[in-house]
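Peer 1: Handing you a structure now.
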Amino acid sequence: MKAAAADFSLARQRHERRAQWLKWSVYTLLLLNWVYYGVEEMGMAAHTLRQGGDFLDWTGAFETSLDLAAWFGLLFMFELETYAIGNEAWRHAWVRGTVRGVRLVCYLFLVHTLVVRAGDVNHAWTLEASPEIASPCQLAGQDISWGENYRYTVITTDNCAFLSDEREFFMLEPSVVTDTSGLKLEKTHTAVDLADAITWILVIWAIELAVWLQNRNVTRGWLMAASHTVRVLYLILFANAGWWIWTGHWVWAWDQSLWICGFWAIEHNLSEWREDIRDQAQGRG
């Protein structure tokens, strides 16, 4: 019996080492993606904010970078609470207060993301055509960009004739114009982006519920079952990733998959924590 227990313990340690290696590999890749998004949004802002903007315009232009900063804060605070911080340290009120305080600040940033994306949906779905624009060539040389599928090209006399043969045009931003096809895609993109942000908030609330329960040594019951609905929400997130692949944004889909893996790592931490709670309750801790 002792030999079997020792073998089980050794196998569990090996599994845990592999899980930790995989988890920190995912975290590292997420950090690299954050840098990529920062560079990408600077390039987009060079088109969308060429004529300037207020504070919310600029924070909106770097919405993804700010959003990811908040998600990193949440991810690492959950990592601390569910794995890195031991029981002795967690008993200190200042430790608990710091971790939860940082999470609260991160949630405020996520509220900003929801506001921006809701505003994007409202703007795209209520935008009216600009009757004064008859052709992209009319805007050549005016420091205006052609925008479609989140890709931008400065309109010049050399490229204007190849941008669109449609008859209605829309100003997505003061310095960005598109046609009916481009606006249709913009509407779908903004709707998917908003749905994605809402789904991620629901995911994090489910994890918060599981953490809250396990801090009270609760590992079963209908509330714990409700917290496991997060696994259904991941299907929605993967569907959104599929949309981005369809529209040619492979990096966004890759990033979505990495974040799902990142929070699955937190789920793994919670699972290990539940096992520890049950072992202690059965006198095996």
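What follows draws every value from the coordinates through simple rules; no lab data is involved. Bear in mind the structure is a predicted one, so any value in this text is a computation, not a measurement. Positions of Cβ are backbone-derived with ideal geometry, glycine not excepted, and every protein chain shown enters the neighbour counts.
Peer 1: Tell me, H92, H189 in order of fewest to most beta-carbon neighbours within 10 Å?
Peer 2: H92, H189
Peer 1: Return the sequence-ordered ³J(HN,Hα) values of the range 260-269 in whole Hz as given by the Karplus equation 6.51 cos²θ - 1.76 cosθ + 1.60 applied to θ = phi - 60°, using x for Gly and Pro.
Peer 2: With the stated coefficients, the range 260-269 comes to 4, 5, x, 7, 5, 4, 5, 4, 5, 4 Hz.
Peer 1: Sticking with this structure for a sec: Normalised radius of gyration for the range 142-204, please: alpha carbon Rg relative to 2.2 N^0.38 Å, two decimal places.
Peer 2: My calculation over the Cα atoms of the range 142-204 gives 1.38.
Peer 1: Enumerate the calculated ³J(HN,Hα) couplings along the range 128-143 in order (Karplus 6.51 cos²θ - 1.76 cosθ + 1.60, θ = phi - 60°), each rounded to whole Hz, writing x wherever the residue is Gly or Pro.
Peer 2: Listing the rounded values in order: 9, 5, 9, x, 6, 9, 9, 6, x, 5, 5, 9, 4, x, 9, 6 Hz.
Peer 1: How big is the range 173-285 along each principal axis, measuring the range of its Cα positions in Å and listing the largest first?
Peer 2: Its Cα atoms span 68, 22, 22 Å along the three principal axes.
Peer 1: Using only the Cα atoms of the range 108-182, construct the convex hull and provide its projected area averaged over every direction, in square nanometres to one decimal.
Peer 2: Over all viewing directions, the range 108-182 projects a mean Cα-hull area of 5.4 nm².
Peer 1: Right, here's the next one. Using modelled backbone amide H atoms (1.01 Å from N, in-plane), which distant-in-sequence or interchain residues come within less than 5 Å of F169's amide H?
Peer 2: When sequence neighbours closer than 5 places are left aside, the close amide H contacts are S130.
Peer 1: Moving to a separate point now. Could you check the simple spin-label distance between W21 and D143, using points 7 Å along Cα→Cβ, in nm with one decimal?
Peer 2: 5.4
Peer 1: Report, by chain and number, residues whose modeled amide H sits under 5 Å from the one on V176, excluding near sequence neighbours (fewer than 5 apart, same chain).
Peer 2: S145
Peer 1: Between A118 and T28, what's the calculated FRET efficiency when r is the beta-carbon distance and R0 is 30 Å? Round to 0.05.
Peer 2: Taking R0 as 30 Å, the efficiency between A118 and T28 is 0.40.
Peer 1: Diagonalise the Cα gyration tensor of the range 224-269 and give the resulting equivalent ellipsoid semi-axes, square root of 5 times each eigenvalue, largest first, whole Å.
Peer 2: 23, 12, 4
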